[in-house]
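The values are calculated or read from the model by the stated rules, or taken from the named source; none is laboratory data. Note that the structure is a prediction, hence the values are computed from the model and not measured. Counting neighbours? That spans all protein chains shown, and the Cβs are built from the backbone with ideal geometry, glycine included. For the accessible areas, the whole protein counts, side chains as well, though only heavy atoms, and no ligand, DNA or RNA atoms are used. Shrake-Rupley method; radii C 1.70, N 1.55, O 1.52, S 1.80 Å.
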Amino acid sequence: MLQEVIFAGFGGQGVLTIAKNVAYSAMLEGKETCWMPTYGPEMRGGTCGCTVSVSDKMISSPILAKYDVGVILNLPSMDKYEPKIKSGGLIIWESTTITDGPKRGDVKSIPIPAYDIAVELGSTLVMGMVLLGAFIQKTESITIDSVLEALRKTLPARRHNLIPLNETALRKGYEYASKI
Amino acid sequence: MGEIHLMKGNEALAEASIRAGLDAYFGYPITPQSEILEYFSRELPKKGIAFVQAESEVASINMVYGAAGCGKRVMTSTSSPGFSLMMEGVSYIACAELPCVLVNVQRGGPGLGTIQPSQGDYFQAVKGGGHGDYHMIVLAPNSVQEMADMPSIGFELAEKYRIPVLILADGALGQMMEKVEFKEYPKKNIEQNWATVGKPEKRDANVITSLFIESEVMEQVNIKLQKKYEQITEEVEDCELYHADDAEVFIVAYGISSRLAKKAVDLSREKGVRAGLIRPKILWPFPTKVIQKYATQAKGFISLEMSAGQMIEDVKLSLDGSVKSKHYGRMGGMIPAPEDILKEIESML
Amino acid sequence: MLKGFIEVDIERCKGCELCIGACPPKIACLSMSKQTNKKGYHFMEQTQNSCIGCGNCALMCPDSVITVYRLKK
Amino acid sequence: MSKVIERDGVQYEVIWEKPKGLKEKQMHYCPGCAHSTLEKLIMEVIGEKGLTENTIGVSPVGCSVFAYDYMDIDMQQAAHGRAAAVATGISRVFPDKLVFTIQGDGDLAAIGTAETIHACNRGENIVIFFVNNAIYGMTGGQMAPTTLEGQITSSSPHGRDVKLAGHPIKISELVAQLPGTCFVTRVAVNTPQNVKKTKAAIEKAFNNALDKKGTSLVELVGNCPSGWKMTPVNSYIWWEKNMIPMYPLGVIKDVDNN
């Protein structure tokens, strides 16, 4: 099993962090993984993408041109990455702020109003976690438990109070996706 | 087995260098290697290890010269334009026979170029780069794990042969995160009686220099260097082989390209095409004997590089006309697609 | 009895004459030799016994060719 | 205790002899060159203070490039302009050693300005000897950053035109502005008295380094008889008449006296 995923949005939406959570969780599950940002000179606000490969075997190329799954957080990223999703692939996208979903008929579209869900939960910062919950539900490439363990390992102790909120967000996203 | 970490290549290289007994680091910020500088700036002062953010790459490499001349384990890191600036210093270091480890996390060029990964600095790395007849040993990692393994290997080689060792990475290897395990790295145990440490009464003064104004002497210095390079060529070689045993088309690729190449080899094998990969983990000296060994069974060689074709020259020199060969690659930070590589493989049959 | 005297490493002398200018005018015990050393420089020498061992010549000599002696008190 | 010899039954003290720290090899410097005098004085101080085992010197590109052939201490030869960076590297891995450079004006004040300013600004615990003779000596007397206005050199044959070539740069005054420097002084070796003052400045600079006070820069206003195309004696006259008024002698900065 090899799964190649692109996470994309604008800088500051936490795209790199969500992607890192996926890679870290995969590592904790004993899988091979590679996290690769498409970095730009601008440190904030630019379009920001990050690929994560997860596999049972050694990962050959970490640089990808086509993806199995896209997790898309803003419209420019939709425009950029929709054509790069493999036929039969999956696009999980933030449907509160992105008005136009994927136009292709050969990919599965999963709109998640992650922004609204995050607002309901009291913090827009967990929007990414809502989408990650949906990603887990649809791909089963990692589990919510390993994301939580990853958070415990990667967040500094003073931030551990945020883990319950992140867990709620993950589960909300998972739940929402299970109905699609 | 040690603890497994998920780290960027740049950070893994920095952490492993500390574990390998680094005594000093001098550097200057440039994308995509600044994490190395930042990591050291955070960790080295805590450990009492020398760290200076220099005023330029020119200054960094000369700080390396000074500290390496004292027999210490010294490192600098930069990316392509910065490495060009260091060339003068590297030439001095090579002639003065100072051991040190240099890191070039390549970006696209020429000029200021792009910050995306590239392999356009191969010639500069393996042919010398600066003025005069000299070489560096050039190590080419292709994973975050190797980014961590190579500083120690580099220091060992540098001290054994009194030669600068270059770790030639690229932006992708520097920026990507993978699993990495830190190992027990050997510490320096070679006596360096040539180093400037302060002259005791009973020995002659040690002098670190690359100036030999009399031609007769300068030629002898060159002969000595060339003998050393011959010895290294005999003794140092490291290649990874992938599906080589029965391959009829070989990709030769190093660094990040070799990961793309592996994928292309897998794709070919799925289609029944017998492709294989020869990956030099050490670019200088070039693994000529390995290429020659597999030339006898091969229909063709492809040098896959993210450049206009540089390593292809060494592949051709190794093959010496015995088998056809060609270059394939993209430039400027563009990445060759495995599907396109596959087409190139098929074209060699 | 001499108040002082110098010894000159003739072969290292480059004949710059700075020592001569440094010798106090009242003493003026140094002059340039008509002869040359192996390198072809006219070297300096002490030609008068008026040396007081002040050391000025040696201080000025860039090439450290002069050893200065002064009567021990 | 000075050495004593006997001649004609009378005892004489050795007032001055060639420092033990100078190698036997004869210096390549031209007759009357101040470089030689400086190296002699440095080795006198190192010998007198017993610092041989504790000192590492750096010689750059330029006339002082061969300093390691004369000074019997461990030394490194640096690329053109980079001596301060090389000294930084040495000093950072050997913080307890005395590290010094000897650099000319072309080396230090042109190609090596960045390295010089930044080493001084970081307050590297090193001593920089700056031999300013207003000319590139080794390459045949070309104009240097410190060349005087109107001064004729092989690359300013009509005299230095400040409109085209800028003004003579005063490095000591520049680096004295930097908090990293603890001692900046300008000396000369054109008279016996000034030679003594130069030696005292060297001692003070070395003490500063041993006490880890920061960067000391000792500018030796020097001569270049060959580059200036003069006899050594005439170069001393020109030196006093032209160089010293432009580059006045004396302490420019001393944190001990603030």
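Table for the structure above
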{"item": "The range D:37-60, residues that are over 23 Å from D:Val93 (Cα atoms), free of Cβ contacts under 8 Å to residues at least 60 places away in the same chain and among the hydrophobic types (A, V, I, L, M, F, W, C)", "result": "D:Met43"}
{"item": "Positions within the range A:128-161 being surrounded by fewer than 16 Cβ atoms within 10 Å (Cβ to Cβ) and among the aliphatic types (A, V, I, L, M), in sequence order", "result": "A:Leu155, A:Ala157"}
{"item": "Subset of the range C:1-16 [over 9 Å from the mean Cα position of the chain (by Cα) and open to solvent by 30 Å² or more (accessible area, probe 1.4 Å)]", "result": "C:Met1, C:Leu2, C:Lys3, C:Asp9, C:Ile10, C:Glu11"}
{"item": "Output for the range D:70-90, where each listed residue is within 8 Å of chain B (Cβ to nearest Cβ) and either open to solvent by 10 Å² or more (accessible area, probe 1.4 Å) or of a type in the set (Lys, Arg) (or both)", "result": "D:Asp72, D:Arg82"}
{"item": "Qualifying residue in the range C:48-60 (condition: free of Cβ contacts under 8 Å to residues at least 40 places away in the same chain, at the interface with chain D (Cβ under 7 Å from one of its Cβ atoms) and more than 17 Å from D:Lys40 (Cβ to Cβ))", "result": "no"}
{"item": "Filtered residue count, the range B:175-211, keeping only those that are outside any loop (DSSP other than H, G, I, E, B), in contact (Cβ under 8 Å) with a residue 60 or more places away in the chain and not basic (Lys, Arg)", "result": "6"}
{"item": "Unmet criterion (only one of (1) assigned to a loop (DSSP other than H, G, I, E, B); (2) within 11 Å of chain C (Cβ to nearest Cβ); (3) among the β-branched types (Val, Ile, Thr)) for D:Thr37", "result": "(1)"}
{"item": "Options D:Trp228, D:Trp239: the member that is aromatic (Phe, Trp, Tyr), free of Cβ contacts under 8 Å to residues at least 60 places away in the same chain and crowded, with 16+ Cβ neighbours inside 10 Å", "result": "D:Trp239"}
{"item": "C:Ser33, sole failed condition from (1) open to solvent by 70 Å² or more (accessible area, probe 1.4 Å); (2) more than 8 Å from every other protein chain (Cβ to nearest Cβ); (3) more than 23 Å from D:Val189 (Cβ to Cβ)", "result": "(1)"}
{"item": "Residue within the range B:52-63 that is free of Cβ contacts under 8 Å to residues at least 24 places away in the same chain, outside any helix (DSSP H, G or I) and over 19 Å from the mean Cα position of the chain (by Cα) present", "result": "no"}
{"item": "Given (1) away from every other protein chain (no Cβ under 14 Å); (2) in contact with a Gly (Cβ under 9 Å, 6 or more places away or on another chain); (3) open to solvent by 50 Å² or more (accessible area, probe 1.4 Å), index of the condition A:Leu75 fails", "result": "(2)"}
{"item": "Residues satisfying the stated conditions in the range B:19-33, i.e. surrounded by fewer than 23 Cβ atoms within 10 Å (Cβ to Cβ) and more than 27 Å from A:Gly30 (Cα to Cα)", "result": "B:Gly21, B:Asp23, B:Pro29, B:Ile30, B:Thr31"}
{"item": "Qualifying residue in the range B:168-190 (condition: out of contact with any helix residue (DSSP H, G or I) (no Cβ under 8 Å at 6 or more places or on another chain), of a type in the set (Lys, Arg) and within 14 Å of chain D (Cβ to nearest Cβ))", "result": "no"}
{"item": "Qualifying positions in the range C:1-12 - closer than 17 Å to D:Gln26 by Cα and more than 9 Å from chain D (Cβ to nearest Cβ)", "result": "C:Val8, C:Ile10"}
{"item": "Candidates D:Val233, D:Val218, D:Val184 - the one that is open to solvent by less than 10 Å² (accessible area, probe 1.4 Å), among the β-branched types (Val, Ile, Thr) and within 30 Å of C:Ile20 (Cα to Cα)", "result": "D:Val218"}
{"item": "Some residue of the range A:113-126 being without any contact (Cβ under 8 Å) to a residue 60 or more places away in the chain, over 25 Å from B:Leu6 (Cα atoms) and open to solvent by less than 10 Å² (accessible area, probe 1.4 Å)", "result": "yes"}
{"item": "Among (1) farther than 30 Å from C:Ile20 by Cα; (2) open to solvent by 10 Å² or more (accessible area, probe 1.4 Å), the one test that D:Tyr136 misses", "result": "(1)"}
{"item": "Matching residues, the range D:41-66, being at pLDDT 95 or above and part of a helix (DSSP H, G or I)", "result": "D:Leu41, D:Ile42, D:Met43, D:Glu44, D:Val45, D:Ile46, D:Gly47, D:Glu48, D:Thr52, D:Glu53, D:Asn54"}
{"item": "Residue in the range B:49-60 that is open to solvent by less than 40 Å² (accessible area, probe 1.4 Å), in contact with a helix residue (DSSP H, G or I) (Cβ under 7 Å, 6 or more places away or on another chain), polar (S, T, N, Q) and over 22 Å from D:Ala85 (Cα atoms) present", "result": "no"}
{"item": "Residue match in the range B:305-317 (condition: open to solvent by 40 Å² or more (accessible area, probe 1.4 Å), touching a residue at least 60 places away in the same chain (Cβ under 8 Å) and not in a helix (DSSP H, G or I))", "result": "yes"}
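One line per residue, one yes/no per condition, for (1) out of contact with any Phe, Trp or Tyr (no Cβ under 6 Å at 6 or more places or on another chain); (2) surrounded by fewer than 24 Cβ atoms within 10 Å (Cβ to Cβ); (3) more than 23 Å from A:Pro37 (Cα to Cα):
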| residue | (1), (2), (3) |
| --- | --- |
| B:Ile115 | yes, yes, no |
| B:Gly130 | yes, yes, yes |
| B:His135 | no, yes, yes |
| B:Leu168 | yes, no, no |
